[in-house]
Amino acid sequence: MASTRKPNILFVMADQLAAQFLAPYGHKLVQTPNLSRLAREGLVFENCYSTSPLCAPARATVMNGLLPSRTGVYDNAAEFPSAIPTWAHYLRMQGYQTCLSGKMHFVGPDQLHGLEERLTTDIYPADFGWTPDWRLKQERIDWWYHNMTSVLQPGIAEISNQLEFDDDVCFQATRKLYDYARFSPDKPFALMASFTHPHDPYAARKKFWDLYKDEDIDLPAVPKMQRSQLDPHSQRLYDVSAMDDYTVTHADIRAARHGYYANISYVDDLLGQLINTLEATGQLDNTTIIFTSDHGDFLGERGLWYKMSYLEPAAHIPLIIWNPKTYKPRRVKEPVTLADIAPTIAAIGGTTSLARPVDGRSLLPLLEGAPENADATAWGEYLAEGAVAPLYMLRRGPWKYIHSPVDPDQLFNLVDDPLELNNLAGTHPLAKKFHAEVEAKFDIPKIHEAVLQSQQARLMMFEAMKQGGHFPWDFQPLRDASEQYTRNHMSVTERDLKSRFPHAPDIESKRKT
């Protein structure tokens, strides 16, 4: 008999994982057996986009379904306000246990945003220190901006800052899955496991590095361009990440890609451990698995690295949703974004209406087999470093339109021109139509002024917080050791039996009378 209980949700998020480097999206080399299984048996959204290709604003949108100008989460040092509902709030209203293991880069004193538990600290700071300053235009802020060390120092590392973090994320998430099976098997859960790989630096364990040979690593489809050939925003990215400070050879590019591919396989292995735990505890059949990333990585395309752009390598991300007992396998071409995640999770959990309007929409109809909407629009808004004014993306059908008031517009037909080499904005009539739509949807001058005011206030407050005593906002995992393992307020036998899975056989029939 099919279970009538609400489905569990395992939400797995990678960091800086571009769709184009995955087998389900056409890459021939990168090995991801677990993710490929989910793709074969689930729904693959072929055209999913980061709403804001940078960590904190993208992840805030994942939680709340709103674009950055609606929340004030403009960049990696902007506070995520507590008064905004998230999918965790909606699921708790439906009786779910909610938990996060890993990275979310919440900035501010609220480090839960509706989640009952966080099992790890974050890998990045929760304060205002990484605030960009648009008054500086293209000037770098050296102490926290990207540079080229990741590109020039890839290779084998058995432990690193990021490997240590993701190992712990997986361990804690796995233990929590066992806890759900042992201690609360009758309640649905939503567990988010959020990893920091394959984000640079491109250092990987030998086990995964050795899956690939240097000579097999593909070079960028679009080689490094002359600066004059790049659009103005891409030129700024060169300066922001100091990409011209070093000579980068083909060997350097191959090595960096080698490490990136190896770390994709590492994330896939972590995903596999979570799937295996669900299977071992009998929870897999009633679990919906969602896999995505916050943004992509240029990985040397056009000579660019990292993200902060609406060109495909930085903005086009994977989205795979798996529950073959409920949803038929399918590939969906309709454009979607990270803003659709929160209303989708809420809908999967049984929420029929949201407490406030959001910028995304539930994908549940598509999961259930509804026809695609040829006119569906995916919106993006970028308000962080690398830009000097608001930057917008519109994706509809084969078209992608990119607009910033300080730069020439860009319009690409991604079916005819998947590498985005032919800008049609100056000749195609759709450019004017899309321009009008962007200006009608967003009050760009007002948003620009709000970003500048926020930046200046936060830059001042960060300096002020260096004076005197300071209590950090970084999340401190709390574990009550007196409730772990065996303690004197527990029955030793009862604790041993309750913590065992599968449960021990009943021995009452063997009791002597």
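The values are calculated or read from the model by the stated rules, or taken from the named source; none is laboratory data. What you are looking at is a predicted structure, and each value in this text was computed from that prediction instead of being measured. Cβ atoms come from the backbone with ideal geometry, glycine included; neighbour counts cover every protein chain shown.
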Considering the stretch 86-119 alone, what residues qualify as being in contact with a helix residue (DSSP H, G or I) (Cβ under 6 Å, 6 or more places away or on another chain), in a loop (DSSP other than H, G, I, E, B) and small (Gly, Ala, Ser)? 114
Which count do you get for residues in the stretch 60-85 that are surrounded by fewer than 24 Cβ atoms within 10 Å (Cβ to Cβ), part of a loop (DSSP other than H, G, I, E, B) and touching a Leu at 6+ places or on another chain (Cβ under 8 Å)? 3
Can you tell me which residues in the stretch 347-366 are surrounded by 18 or more Cβ atoms within 10 Å (Cβ to Cβ) and among the β-branched types (Val, Ile, Thr)? 348, 351, 358
Please verify whether residue 355 is under 19 Å from residue 59 (Cα atoms), touching a Pro at 6+ places or on another chain (Cβ under 6 Å) and of a type in the set (A, V, I, L, M, F, W, C), treating the condition exactly as stated. no
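Residues checked against (1) of a type in the set (Gly, Ala, Ser); (2) in a strand (DSSP E or B); (3) without any contact (Cβ under 8 Å) to a residue 12 or more places away in the chain; (4) surrounded by fewer than 20 Cβ atoms within 10 Å (Cβ to Cβ):
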site: 6; (1), (2), (3), (4): no, no, no, yes
site: 10; (1), (2), (3), (4): no, yes, no, no
site: 14; (1), (2), (3), (4): yes, yes, no, no
site: 17; (1), (2), (3), (4): no, no, no, no
site: 24; (1), (2), (3), (4): no, no, no, no
site: 27; (1), (2), (3), (4): no, no, yes, yes
site: 30; (1), (2), (3), (4): no, no, no, no
site: 39; (1), (2), (3), (4): yes, no, no, no
site: 44; (1), (2), (3), (4): no, yes, no, no
Here are some conditions: (1) surrounded by 24 or more Cβ atoms within 10 Å (Cβ to Cβ); (2) over 22 Å from residue 201 (Cβ atoms); (3) in contact with a Cys (Cβ under 9 Å, 6 or more places away or on another chain). Residue 273 meets all but one. Which one does it not meet? (1)
Give me a count of the residues in the stretch 95-110 that are surrounded by fewer than 24 Cβ atoms within 10 Å (Cβ to Cβ), farther than 21 Å from residue 185 by Cβ and either touching a residue at least 60 places away in the same chain (Cβ under 8 Å) or of a type in the set (A, V, I, L, M) (or both). 2
Got at least one residue in the stretch 496-506 being surrounded by 10 or more Cβ atoms within 10 Å (Cβ to Cβ), at pLDDT below 95, of a type in the set (D, E, K, R) and not in a loop (DSSP other than H, G, I, E, B)? yes
Among the strands (runs of 3 or more DSSP E) contained in the stretch 285-346, which hold 1 or more residues that are surrounded by 23 or more Cβ atoms within 10 Å (Cβ to Cβ)? 287-293, 319-322
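Matching residues to (1) more than 30 Å from residue 108 (Cβ to Cβ); (2) without any contact (Cβ under 8 Å) to a residue 24 or more places away in the chain; (3) loosely packed, with under 13 Cβ neighbours inside 10 Å; (4) of a type in the set (Phe, Trp, Tyr):
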| residue | (1), (2), (3), (4) |
| --- | --- |
| 408 | yes, no, no, no |
| 442 | no, no, no, yes |
| 458 | no, no, no, no |
| 464 | no, yes, yes, no |
Would you check which residues across the stretch 58-87 are of a type in the set (A, V, I, L, M, F, W, C) and in contact with a strand residue (DSSP E or B) (Cβ under 8 Å, 6 or more places away or on another chain) and list them? 62, 67, 87
Residue among 476, 455 that alone is closer than 30 Å to residue 303 by Cα and under 34 Å from the mean Cα position of the chain (by Cα): 455
In the stretch 353-385, the residues that are part of a helix (DSSP H, G or I) and in contact (Cβ under 8 Å) with a residue 40 or more places away in the chain: 366, 367
